[in-house]
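Notes follow the structure.
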Amino acid sequence: MAGVQVVAMTSGSRKTAVARVRLVPGVGKITVNGKEMNAYFPTSPLQVMVRQPLLSAKADDRFDVIVSVAGGGFSGQAGAVRHGIARALLAADETLRPAMRQGGFLTRDPREKERKKYGLKRARKAAQYSKR
């Protein structure tokens, strides 16, 4: 991989997942943590989520995407990869900003898991109240 020309290197995040994305000229192959994307994300909705930025930019056959992702679960990791791919496409071609912005791919989803409070079973779940 020493002779591969990297077009863009960015990172994306969602919940506690962080993805480091490299965009290289190629045929549209997406590799996540050394595995084919279809093997790493086995469900169809997650695969569609990962491909969304490439499809909206009409660049799904111009670049190969190499991703290293860690933390969180599958859904959070798929969102982090999508965010990172969108940022990498933008770094490669600034004219894609309106398409990425319209799809909402550049905005980092701020929702995080709420912390557990003392006296409760979970963040908000309390023991059932009984008057008598």
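Read the figures in this text as sums done on the coordinates, not as results from a lab. As the structure is a prediction and not an experimental result, all values here were calculated from the model. Glycine also receives a Cβ, built like all others from the backbone with ideal geometry; neighbour counts cover every protein chain displayed.
So what's the net charge close to LYS15: Lys and Arg +1, Asp and Glu -1, counting the other residues with Cβ under 11 Å from its Cβ? Don't skip to the answer; put the middle values down first.
Numbers: positive: ARG14, ARG108, ARG111, LYS113; negative: ASP109, GLU112.
In short, +2.
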Cα-based helix-to-principal-axis angle, 44-56 vs the chain, degrees rounded to 10: 50
Run the reach check for LYS117 against lysines, Cα to Cα strictly under 22 Å, same-chain hits fewer than 8 apart removed. What comes back? LYS15, LYS125
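Kirkwood hydrodynamic radius for the stretch 69-128: how many Å is it when counted over pairs of different Cα atoms? Let's see the in-between values first.
Working: mean 1/r = 0.0712 Å⁻¹.
The Cα-based Kirkwood calculation yields 14.0 Å.
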Taking H as built 1.01 Å from N, whose amide H comes closer than 5 Å to the amide H of PHE63, not counting residues under 5 places away? GLY26, GLY28
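Would you calculate a helix-derived [θ] at 222 nm for the chain, using -39,500 (n - 2.57) for each DSSP H run of n ≥ 4 and dividing by the full residue count, to the nearest 500? The partial results should precede the final answer.
Details: 4 runs with 43 residues, N = 132.
After summing the helix terms and dividing by the residues of the chain, the value is -10000 deg cm²/dmol.
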³J(HN,Hα), Karplus 6.51/-1.76/1.60, whole Hz, each residue of the stretch 71-86, x for Gly, Pro: x, x, x, 5, 5, x, 5, 5, x, 5, 5, 4, 4, x, 5, 4
Check: the chain dipole with +1 on Lys, Arg Cβ and -1 on Asp, Glu Cβ, in debye: 1360
Debye-sum result for the stretch 8-103 in log10 I(q)/I(0), which assumes one identical scatterer on each alpha carbon, at q = 0.12, 0.17, 0.19 Å⁻¹: -0.30, -0.62, -0.79
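Tell me, what is the FRET efficiency for GLN102 and SER130 to the nearest 0.05, using R0 = 41 angstrom and their Cβ-Cβ distance as r?
On the way: r = 52 Å, r/R0 = 1.26.
Once rounded, the FRET efficiency stands at 0.20.
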Quick one: which residues, 5 or more positions from ARG14 or on another chain, have an amide H under 5 Å from its amide H? H modelled 1.01 Å from N in the peptide plane, none for Pro or chain starts. ALA80
